[in-house]
Structure formats: structure tokens, C-alpha cells
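A short worksheet on the structure shown next.
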Amino acid sequence: MTDNDLRQKIGQLFSIGIPGPDIDRSTEELLREIRPGGVCLFARNVREPAQVRDLCDGLREILTDPIISVDQEGGTVDRFRRIVTPLAAAGEVRTAADARKMGRIVGELLRILGINTDFAPVVDVVDDARSGASNGLFTRPFGRSKGSVVELAGAFLDGLEEMGIWGCLKHFPGLGAARVDSHNELPKIEISDDELFEVDLYPYRELLPKHDVGVMVGHVAYTKASLQEKAQNGTLLPSSLSGSFINGLLRREFDFEGMVFTDDLEMGAIVREFGMGDACRMAVLAGVDALCICAEPANIRAGFAAVELAVGSGEITSERLKTSLSRIAAAKARLSKPLPFDAVRIAEISDEIAAFNASLQDSRSI
């Protein structure tokens, strides 16, 4: 294997963000240098429908069958509010029929725009006892109990899948009991093993056997959990860097062989305690397949260099690399091709979103 071949394989482990709405010279240089397996789009990449489709088509010209993803949840996390009617939040949905319709609306829009993956649904369990915390979740999760999370998130996935979009459950093993936002600092959740397994992990036990999805691992520590690990310096190890949670719980106990993504590694929960390079290396060793670095090219390059060094030294073995590459290839083989671009249909979908939002408000007022 040549050095270039190895670099292209390592690049498959990265899902990166790009700075703007077009593939300018510096962006193209980054894409050709890293050869990421995926690109995640954000509001900064969205100006108007044809531009988004051109961007996605351009990514496909440079990269090999990329996983082109977006966090399209609705509510506060809606990347397309600039080009279509803003979508209601998942937390406003009360019936499986509405959740499925929401999934179909999102799925068709993404396919027309050239996107194949939605980093949704959020399956963190936020019941009445857990609500009100400033943890960044707000109305992002479906449901108000573990059972309603499964019912509504499962129906949303049904809708996505009907339209050919790949979904991703997040944020494993669960952020519902967090009191702070992992974008800013590492949440330290003080719940028992029983509560973790009976409440937070319930959606994964129920949904993973029924849906072909990815799993996004959150940045969280469980101070009372038997699976909680510490880093070499004695700090609590986030679940996103933990072999106990990923290789142990998710892979072996839940028998999950699909792709595992990190949440954005540029979040405060990671960068305050771990350098980008060490975080990427540790995540791969823990069982992660896709390292999400969503903004800074310098961080993307630092993460890549650290993984390349760990592979070269044998710390990340060729077998470990091969395992993730196999999972990534299997996921890519199931991704749907884009639908033909149709600006008229996008305008109709925008009207459908407005009607959908109004129907949710009407049902809540009854």
C-alpha cells in the first residue's frame, strides 16, 4: 500500500464541515488533501436551493460516494430555514402519523437538494422530571417519555427511509439527564446504572434492531455508571472517547455493527480537556468510525495527522482501520442517489411545511 493509498483510507474516517456555500480554492484543496468520507452541511453552506444542489454535486465530483449529511431536526436545529418555511420542532409532534409525515417531508427535501443523510432523530429522553435544564436540547427530542420517544422517533425514521434518506440516532448513550450543554462543557450526569439502562438506553434497544441507521455518540460522562472510564490524566472520559461505551456496550452488548459517528469534536466538552489530535486517536481506538470536525480546517488537519501517526506507529492497527472502512463502505453502498433537482417541488414542500406546522398548532389547541 502506498502512502497515498493509506492517506485516502484514513480520510474515510473523517466527516468534516466546509466554510461556505461554494467549493472555493481553499475548500477544494482541503477536500483533496483529506479525502473525507463525509461532509456535513450547516446553515453557512445554504443560500438558495440550486446553490445547495450545485454544492452537493460538486462534492460528489471531488470525493468518492461521500456521506453528505445535515442536522435537519426542525425547531432550533433547522439548516434550511433560509430557503423553505422553518420546520416545527420534533418536541411539538404528538402522533406517530405526524412524525412519519415530518420524516417524509424532510427526506424528500434532502434528496432533491442532493443530501443523503440526516443526523436525526434526537432520541434523548427528556421527561417532566428532566425538563428545564440548560443542556441545549430544549424541544429537539421527540416525546416526553422513553415509550413516546421510541414511537415518534421510529415513525420519523420510517418517513425518512421511505424517501431514501439514512438516519442517525443521537446522542448515545443519552443526554436527557444532562444539566449543561456539551457545546460548552462536559456534562457530568449523576444517575444510576439502572436509570441509564432502563431509560436512556431504551430507545437504542428498541430502534436499532428495526432500522438501518447510524449512531452518533455524545460527549458526556456518567459519574455513577459502572462503565465510566477515566483518561490517563485522571479526568473523566467522555462517552465519545470511551471503549467501554462504544466497543463494549454499543458494539458487543447491543450487537451494533453499523457506523458510529462522534458528535462534533470541536465542542467545549472535548477541546477543554483533550487536544484535537488525542481526541481523534482515542475515538478511533474506542470504536468510532467517523470523526466529526465541523468547522476549522486547522482542527481537521490536526486530527488527520494524529490518526495518520497512530496508524503508522501501529497504535491503530491495520485490522482496526479495516473494520471501520468496511462499515463505512457498507453504509455508502446503501445510500440513495439524489432525486432530480426540482425548484417547483421545493416551493411546494415549503408550503407543505407551513401546513404541517399549522396542523400541529391546531391539534395542540384542541
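The values are calculated or read from the model by the stated rules, or taken from the named source; none is laboratory data. What you see is a predicted model; the values in this text were computed from it and never measured. Here the Cβ positions follow ideal geometry from the backbone for every residue, glycine too, while neighbour counts run over all protein chains shown.
Looking at the range 118-127, can you tell me whether even one residue there is among the aliphatic types (A, V, I, L, M), crowded, with 22+ Cβ neighbours inside 10 Å, modelled with pLDDT under 95 and closer than 27 Å to T262 by Cβ?
Yes, that holds for at least one residue.
Within the range 157-188, work out how many residues are within 27 Å of P209 (Cα to Cα), of a type outside the set (K, R) and not in a helix (DSSP H, G or I).
Looking only at that region, the number is 15.
Output the residue which, of all residues in the range 219-258 that are of a type in the set (D, E, K, R) and in a loop (DSSP other than H, G, I, E, B), is nearest to T323 (Cα to Cα).
Per the stated criteria, the residue is E257.
Take the residues in the range 135-181 that are among the β-branched types (V, I, T) and under 19 Å from M102 (Cβ atoms); name whichever of them is modelled with the lowest pLDDT.
T139
Residue by residue, here is whether (1) among the aromatic types (F, W, Y); (2) more than 22 Å from I349 (Cβ to Cβ) holds:
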| site | (1), (2) |
| --- | --- |
| Q51 | no, no |
| V77 | no, no |
| T85 | no, no |
| A90 | no, no |
| A97 | no, no |
| R100 | no, no |
| V106 | no, no |
| F119 | yes, no |
| S131 | no, yes |
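Within the range 32-47, can one find any residue that is over 20 Å from the mean Cα position of the chain (by Cα) and within 27 Å of T139 (Cα to Cα)?
Yes; the residues of the range 32-47 include at least one that is over 20 Å from the mean Cα position of the chain (by Cα) and within 27 Å of T139 (Cα to Cα).
Take A343 and tell me if it is more than 12 Å from L109 (Cα to Cα) and of a type in the set (G, A, S).
Taking the combined requirement at face value, the residue does not satisfy it.
Criterion first (surrounded by fewer than 22 Cβ atoms within 10 Å (Cβ to Cβ), closer than 30 Å to P338 by Cβ and basic (K, R)) does R100 satisfy it?
For R100, the condition - surrounded by fewer than 22 Cβ atoms within 10 Å (Cβ to Cβ), closer than 30 Å to P338 by Cβ and basic (K, R) - is met.
For the range 51-70, enumerate the residues that are over 16 Å from G37 (Cα atoms) and surrounded by fewer than 22 Cβ atoms within 10 Å (Cβ to Cβ).
Within the range 51-70, Q51, R53, D54 qualify.
When the residues of the range 26-50 are filtered to those that are under 12 Å from L113 (Cα atoms) and out of contact with any Lys or Arg (no Cβ under 9 Å at 6 or more places or on another chain), which remaining residue is surrounded by the most Cβ atoms within 10 Å (Cβ to Cβ)?
Filtering first and then ranking leaves P49.
Given the condition over 17 Å from V126 (Cα atoms), surrounded by 13 or more Cβ atoms within 10 Å (Cβ to Cβ) and hydroxyl-bearing (S, T, Y), answer yes or no: does some residue in the range 192-209 qualify?
no
Among R144, R140, which is assigned to a loop (DSSP other than H, G, I, E, B), surrounded by fewer than 21 Cβ atoms within 10 Å (Cβ to Cβ) and not small (G, A, S)?
Answer to the check: R144.
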